[in-house]
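Right, I'll just put the structure down here and ask away after.
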Protein chains: 4
Amino acid sequence: MVASSPRTLQASNDKAHEDVRVAVLGASGYTGSEIIRLLANHPHFRITVMTADRKAGQSIGSVFPHLITQDLPDMVAIKDANFGDVDAVFCCLPHGTTQDIIKSLPKNLRVVDLSADFRLQDILEYEEWYGQPHRAPDLQKEAVYGLTEIWREEIRNAGLVANPGCYPTSIQLPLIPLIKANLIKCSHIIIDSKSGVSGAGRSPKEANLFTEVSEGIHAYGITKHRHVPEIEQGLSDVAHSKVTVSFTPHLMPMSRGMLSTIYVEMAPGVRIEDLHDQLKAYYENEEFVCMLKKGDTPHTRFVRGSNYCHVNVFPDRNPGKAIIISVIDNLVKGASGQALQNLNLMMGYPETTGLLSQPLFP
Amino acid sequence: MVASSPRTLQASNDKAHEDVRVAVLGASGYTGSEIIRLLANHPHFRITVMTADRKAGQSIGSVFPHLITQDLPDMVAIKDANFGDVDAVFCCLPHGTTQDIIKSLPKNLRVVDLSADFRLQDILEYEEWYGQPHRAPDLQKEAVYGLTEIWREEIRNAGLVANPGCYPTSIQLPLIPLIKANLIKCSHIIIDSKSGVSGAGRSPKEANLFTEVSEGIHAYGITKHRHVPEIEQGLSDVAHSKVTVSFTPHLMPMSRGMLSTIYVEMAPGVRIEDLHDQLKAYYENEEFVCMLKKGDTPHTRFVRGSNYCHVNVFPDRNPGKAIIISVIDNLVKGASGQALQNLNLMMGYPETTGLLSQPLFP
Amino acid sequence: MVASSPRTLQASNDKAHEDVRVAVLGASGYTGSEIIRLLANHPHFRITVMTADRKAGQSIGSVFPHLITQDLPDMVAIKDANFGDVDAVFCCLPHGTTQDIIKSLPKNLRVVDLSADFRLQDILEYEEWYGQPHRAPDLQKEAVYGLTEIWREEIRNAGLVANPGCYPTSIQLPLIPLIKANLIKCSHIIIDSKSGVSGAGRSPKEANLFTEVSEGIHAYGITKHRHVPEIEQGLSDVAHSKVTVSFTPHLMPMSRGMLSTIYVEMAPGVRIEDLHDQLKAYYENEEFVCMLKKGDTPHTRFVRGSNYCHVNVFPDRNPGKAIIISVIDNLVKGASGQALQNLNLMMGYPETTGLLSQPLFP
Amino acid sequence: MVASSPRTLQASNDKAHEDVRVAVLGASGYTGSEIIRLLANHPHFRITVMTADRKAGQSIGSVFPHLITQDLPDMVAIKDANFGDVDAVFCCLPHGTTQDIIKSLPKNLRVVDLSADFRLQDILEYEEWYGQPHRAPDLQKEAVYGLTEIWREEIRNAGLVANPGCYPTSIQLPLIPLIKANLIKCSHIIIDSKSGVSGAGRSPKEANLFTEVSEGIHAYGITKHRHVPEIEQGLSDVAHSKVTVSFTPHLMPMSRGMLSTIYVEMAPGVRIEDLHDQLKAYYENEEFVCMLKKGDTPHTRFVRGSNYCHVNVFPDRNPGKAIIISVIDNLVKGASGQALQNLNLMMGYPETTGLLSQPLFP
């Protein structure tokens, strides 16, 4: 595929019969390796470039031995990458540096960025939460927020997709349909999330050692986690007013998985069944968002390794209130799986291509 | 020690120099074995009877090999236990059967009951949540609720102490001082708790298999957990009005530990510092409840195996609201440790006797 | 596909373009659910019958919520199963009862049995290790041992395949090529294996509770594990003499995975490189057995959820001795994955069909 | 206590009624914090100095929140430590730098060194395995190897004790009595060990992240682990001839615990019962080494957090061979607990002082 289009606006459907040549920038981290894992059996996407500055020259099998049977080019430093061989890019780099790199890519490439750099529409908010001015404000304006089930049409034609964070994905998928239908009040949303450790990446830090994480739990980043503005932006957008949430993430001993328990107040006259019906109807035709039957509780284990999101709603003991629970695999629907879902869409393939592996349990 | 006193009212201080002979009923479960572990180095308490109906005739080392070096009598069926040799009893039996057994014990024995049978003052509430009428309502009236730091004076003279549940302990310790000081509203308390698996006991159940619990998390008993009436009773009592809480427990992959994240609305004019100051002052002279420094987050790992409870308060993004986090080891401060703390008190020994082992980390 | 052939001898290649209708007997256990997971995206196999006596009438999603998106028939009791709709059977039942059930199946069905019932050629040995006489000795004679890479041609035409145990798979794959080439002595083989918990199945047992398994390790079944005769049969067969091994399995806190560390004495004059070369050459064209590069150590994590087996050999400090390490996922290559590999072969499809999902890491 | 004696030869019994002032060098690592945990309730030892160069000025509670209730001096840089206030030293520093530091300490101090620096009597062997010449060879000659049950009398009067490594402790405790009694051959000892992660310390390394360790196992340092020469030295010493062992350590997902499975050949005519009897007799009066009853298997869980070592022997399927299994907590009997056991002995207190806490299970 040789795409010569500007980064936005043009659909790729006419080229769907050809292979898409993909670059993975930042292939030595967990979101990078997860992209590679998912692409291993993709019928149309083919990895032609992998970058990893500190691992340049190494094979993927030496860095991630679970991928040892993959026949892929060795990793190169990003400065040595040949983007002439590439149609689309997954950018799995840390926030901050990502802006400059995407700015420097050839304009014809379709890009899905897994960092936080293009998620916040308001660059002042970016500066406030990330402590530095945004260095690619024009590109930011073009970026489309990649929560697939919600922004599907915009993503289809986007040149640059800002792939959502894991917490925001698990939180917005159940809340946005309820806010859209005016079923819940936006003034009293309390979110208690529990995450696996892989969200912290592969860089060695004392706090993420096995000995520091195993057999325990703690909250972190209380009121200050950088996913807060992203969550509030997404909810405010559909609420048509500024939403402020209470968000408390917890780190717990599992490698993958994320559960959000969300406490909401229903709008006057709304019953718990209305919430259930709305979510069921909204996601009826979606492969990846699954509204459970009444009373069934979502477990992170039952979506492990997959792109699925399980959701359910429960009545509170206090009348008029409800408890919403959602689970995802933070590395799949919360990162690389949703990224692939987005690129499928951008390239004109069925959204589920390469993503239908079942969850791994036990 | 030969106590001939009625079950209530008499302090034991005058006998403190003699050994207290202790029976552990239900020694083959986790709360039973934990009592035995804690008593191993107790200078005044000596186990003379251990019962376990299905393990009668076995040594403790054959049932719990970590206790193999203990020199203790073999376990007997409860019907064969000789309570003439006993001054005090830890009752670690399942709820339901416990009532009848405690009713049949000699009246002079001091009893700490770790089941739920005597925790609810209102026997109709017991019947509602446990599905059967209470069969020892007179005894229920005598029972004192064993949240040591709150009901110390009542416990000191009690004949029968109803040892609190693990969730209620982790929740009431931080909330009661705040409610007493009118610092928080009782109408909007949301409690999101996370528990280790040992709370479910040693009976084999599919849901508690390693393969079903490892690497995941889920909520359970949403709005219906049997600790709800106990929590509400404890808070209502100090609030002088009926408190209804939202309580959602989660099961997670750790053997020991419990973290409660509690979302509250502060009373008008109250600041987060007021909450911190009140808890700090309230527990200043307590060995086992530790108010952390501002900003420090409680981790369950840092109380593992110990009788400590760590607490802290955090501002919410929504003004006027606060987040309170507490951690305990569910088997120690949430069960057997607090039971020993209570019996120390009842027998006139320093409350901390045998309980000062430091947490085990990592 | 309507197969009317006797259970042995006829290849299925001519019908490969049609769907194979598959029954899963014992769908409520871990090997059953794993078969269903693997078949979810199989292009040629379609599940038409699932049995589970105690869960009859339930959907797969209610028993295994990770499979909730599968559109499958409800489970039925085995006595109610209609085998007229079926071409092939995966039998995931406990040993002992399996013999009678397979004996009663229509003769035209191709069967892969995951129990131990047909693995031992010598029915007296079966009786010795399993404590009961074999009740289907004639069927036993027809059964082919399903270690795919070793017995491929025999499996292709088999009517009944006895799928290997997990330990025997991890042990025979590296040892058989070395014994065939006379590179190691068979008189001094010591095998130290470490297994995840899923091998013990989903039946609730105290020993497999999270609290009993987490954060620890122990050996079990020392010298008495029922996989011993299966291992010795496989090695003796290629050694052309009776091999007696030392086999010590250990249970450790992981749901999936198995690592065997094997200590061997090399034949006179043989060097460690010879072992490496032989295994590399033997498995050169195999998709699923991967000889690592010199010095690389196999990790169970790097085959998790996949049908791969990683192997390597290392020199011992004692000259003339070698250490061989192999890893598999006990539920995939050690059970359901290999079963599917075998049925693919029996039905004339590429052996790797439906089995190329990459390992899930982290 | 004011000790003015040379580092060796003088017993401390006459001062036993006074407090021993203890320094912990390297208090910010896991062996350091474990010493502090164990000393919290020691009746005679009092910590007066704690060093941690990178954490100088911090309280122990800020570095290890599980020790927050300890009333201890802040940590200082080692160059600022005042050893005038100190009678004894636990040295928990990395190997290599330890030599110089111990060399520079006042000569009157009793020292237990938990590093590897003084374990190897042959300084050429030290150089070979650690890649640098030994810089305190004279001090090395004075050092006594601190495997308490074996070298008790030498330790009692030592000025400098080289505390054993965790693997060597778990291996020598069962093997030395058997070698002393000529019950096993020393030419064919194969050791397969499994360790928890805390042995790797608290320094952040990719390999020890939760995500890299959880739910898996792998061997490491095959034939090259630095504990090999220490093991061989200890066994050779009692065998009166050079012993070469096969030693393969494995890293597995648990924070604490170590299990060694040891495969040996018995001397001619020796039966498995002889091994059992010898170990039972040898450790009959030892508090911390516990020979289990015939058939009982040691579990690491049953010694967790304690100074106990459980051992048992099992017959192999191959006549004349035996399997020996031992378990310890690598941070207690394998490090800080044994160090305290040694200092108790050196200072004239009962060896078990402060070490009788029972194992923590579950």
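Residue check: is C:Gly337 in contact with an Asp or Glu (Cβ under 9 Å, 6 or more places away or on another chain), away from chain D (no Cβ under 14 Å) and more than 25 Å from D:Thr244 (Cα to Cα)? Let's see the steps before the verdict.
Numbers: in contact with an Asp or Glu (Cβ under 9 Å, 6 or more places away or on another chain): yes; away from chain D (no Cβ under 14 Å): yes; more than 25 Å from D:Thr244 (Cα to Cα): yes.
Considered against the rule, which asks whether it is in contact with an Asp or Glu (Cβ under 9 Å, 6 or more places away or on another chain), away from chain D (no Cβ under 14 Å) and more than 25 Å from D:Thr244 (Cα to Cα), C:Gly337 comes out as yes.
Hey, could you check the stretch D:38-95 for residues that are in a helix (DSSP H, G or I) and in contact (Cβ under 8 Å) with a residue 60 or more places away in the chain and say which is surrounded by the fewest Cβ atoms within 10 Å (Cβ to Cβ)?
D:Asp85
In the list A:Ile171, A:Ile155, which residue meets the criterion of being more than 25 Å from A:Ala322 (Cα to Cα), touching a Ser or Thr at 6+ places or on another chain (Cβ under 9 Å) and assigned to a helix (DSSP H, G or I)? Can you show your working first?
Numbers: A:Ile171 fails: more than 25 Å from A:Ala322 (Cα to Cα).
A:Ile155 is the lone residue from the list that is more than 25 Å from A:Ala322 (Cα to Cα), touching a Ser or Thr at 6+ places or on another chain (Cβ under 9 Å) and assigned to a helix (DSSP H, G or I).
Please go through (1) away from chain D (no Cβ under 14 Å); (2) touching a Leu at 6+ places or on another chain (Cβ under 8 Å); (3) over 30 Å from C:Ala40 (Cα atoms) for C:Asn312 and return the number of the only condition it doesn't satisfy.
(1)
State whether one or more residues within the stretch D:97-105 are under 24 Å from D:Ala23 (Cα atoms), outside the structural domain of D:Glu232 (by TED's automatic domain parsing) and assigned to a loop (DSSP other than H, G, I, E, B). Even if it seems obvious, please write down each step before you answer.
Going residue by residue through the stretch D:97-105, those that are under 24 Å from D:Ala23 (Cα atoms) are D:97-105.
The next check asks that each one be outside the structural domain of D:Glu232 (by TED's automatic domain parsing); those that pass are D:97-105.
Now drop any that are not assigned to a loop (DSSP other than H, G, I, E, B), which leaves D:104-105.
Scanning the stretch D:97-105 turns up at least one residue that is under 24 Å from D:Ala23 (Cα atoms), outside the structural domain of D:Glu232 (by TED's automatic domain parsing) and assigned to a loop (DSSP other than H, G, I, E, B).
Condition check ((1) among the polar types (S, T, N, Q); (2) under 30 Å from C:Glu265 (Cα atoms)) across all residues:
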{"residue": "C:Pro177", "(1), (2)": "no, yes"}
{"residue": "C:Ser195", "(1), (2)": "yes, yes"}
{"residue": "C:Lys205", "(1), (2)": "no, no"}
{"residue": "C:Asn208", "(1), (2)": "yes, no"}
{"residue": "C:Gly221", "(1), (2)": "no, yes"}
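Considering only the stretch B:130-147, how many residues are assigned to a helix (DSSP H, G or I) and either closer than 18 Å to B:Cys92 by Cβ or of a type in the set (A, V, I, L, M, F, W, C) (or both)?
2
Next question, about the same structure. In the stretch B:208-219, how many are more than 7 Å from chain A (Cβ to nearest Cβ) and crowded, with 24+ Cβ neighbours inside 10 Å?
4
Go over the candidates C:Ile262, C:Ile328 one by one and state the one that is within 11 Å of chain D (Cβ to nearest Cβ) and either touching a strand residue (DSSP E or B) at 6+ places or on another chain (Cβ under 9 Å) or farther than 29 Å from C:Leu124 by Cα (or both).
The match here is C:Ile262.
Can you name the residue in the stretch B:119-129 that is in a helix (DSSP H, G or I) and either farther than 20 Å from B:His227 by Cβ or among the hydrophobic types (A, V, I, L, M, F, W, C) (or both) and, of all such residues, is farthest from the chain's Cα centre (by Cα)?
Top of the filtered list is B:Leu124.
In the stretch A:340-356, which residues are crowded, with 21+ Cβ neighbours inside 10 Å and within 13 Å of chain C (Cβ to nearest Cβ)?
Of everything in the stretch A:340-356, those that are crowded, with 21+ Cβ neighbours inside 10 Å and within 13 Å of chain C (Cβ to nearest Cβ) turn out to be A:Gly354, A:Leu355.
Let me ask you something else. Could you run through the stretch D:300-322 and say how many residues are touching a helix residue (DSSP H, G or I) at 6+ places or on another chain (Cβ under 9 Å) and either touching a residue at least 60 places away in the same chain (Cβ under 8 Å) or within 12 Å of D:Val264 (Cα to Cα) (or both)?
Residues meeting the conditions: 8.
Out of everything in the stretch C:220-232 that is in a helix (DSSP H, G or I) and in contact with a strand residue (DSSP E or B) (Cβ under 8 Å, 6 or more places away or on another chain), what residue ends up being surrounded by the most Cβ atoms within 10 Å (Cβ to Cβ)?
So the residue we want is C:Ile231.
Can you tell me which residue in the stretch C:120-148 is surrounded by the most Cβ atoms within 10 Å (Cβ to Cβ), limited to those that are in contact (Cβ under 8 Å) with a residue 40 or more places away in the chain and touching a strand residue (DSSP E or B) at 6+ places or on another chain (Cβ under 6 Å)?
C:Gly146
Among the listed residues C:Asn182, C:Asn163, which satisfies the condition of being surrounded by fewer than 24 Cβ atoms within 10 Å (Cβ to Cβ) and touching a residue at least 12 places away in the same chain (Cβ under 8 Å)?
C:Asn182
I'd like to check something: does the stretch D:264-280 contain any residue that is closer than 30 Å to D:Glu128 by Cα, modelled with pLDDT of 95 or more and either among the β-branched types (Val, Ile, Thr) or surrounded by fewer than 24 Cβ atoms within 10 Å (Cβ to Cβ) (or both)?
Within the stretch D:264-280 (the criterion being closer than 30 Å to D:Glu128 by Cα, modelled with pLDDT of 95 or more and either among the β-branched types (Val, Ile, Thr) or surrounded by fewer than 24 Cβ atoms within 10 Å (Cβ to Cβ) (or both)), the answer is yes, since at least one residue qualifies.
If you go through the stretch A:265-299, how many residues are more than 14 Å from chain B (Cβ to nearest Cβ), of a type in the set (Asp, Glu) and touching a residue at least 24 places away in the same chain (Cβ under 8 Å)?
So the count comes out to 3.
Considering every residue within the stretch B:246-254, establish whether at least one is in contact with a Cys (Cβ under 6 Å, 6 or more places away or on another chain) and closer than 27 Å to A:Asp329 by Cβ.
As a first pass, look at the stretch B:246-254 and keep what is in contact with a Cys (Cβ under 6 Å, 6 or more places away or on another chain): none.
No, there is no match, as no residue in the stretch B:246-254 is in contact with a Cys (Cβ under 6 Å, 6 or more places away or on another chain) and closer than 27 Å to A:Asp329 by Cβ.
Here is a list: D:Ala27, D:Ala81. Which entry is touching a Ser or Thr at 6+ places or on another chain (Cβ under 7 Å), at pLDDT 95 or above and farther than 29 Å from D:Asp329 by Cα?
One residue alone meets the criteria, D:Ala81.
Looking at the stretch A:220-236, which of its residues are within 11 Å of another protein chain (Cβ to nearest Cβ) and acidic (Asp, Glu)?
A:Glu232
Give me the residue from the stretch D:13-37 that is buried (at least 24 other Cβ atoms within 10 Å of the Cβ) and either small (Gly, Ala, Ser) or touching an Asp or Glu at 6+ places or on another chain (Cβ under 6 Å) (or both) and, out of that set, farthest from D:Asn163 (Cα to Cα).
D:Val20
The values are calculated or read from the model by the stated rules, or taken from the named source; none is laboratory data. Please read these numbers as outputs of a predicted model, since none were measured by experiment. Methodologically, a virtual Cβ is constructed for each residue, glycine included, from the backbone with ideal geometry; neighbour enumeration extends over all protein chains shown.
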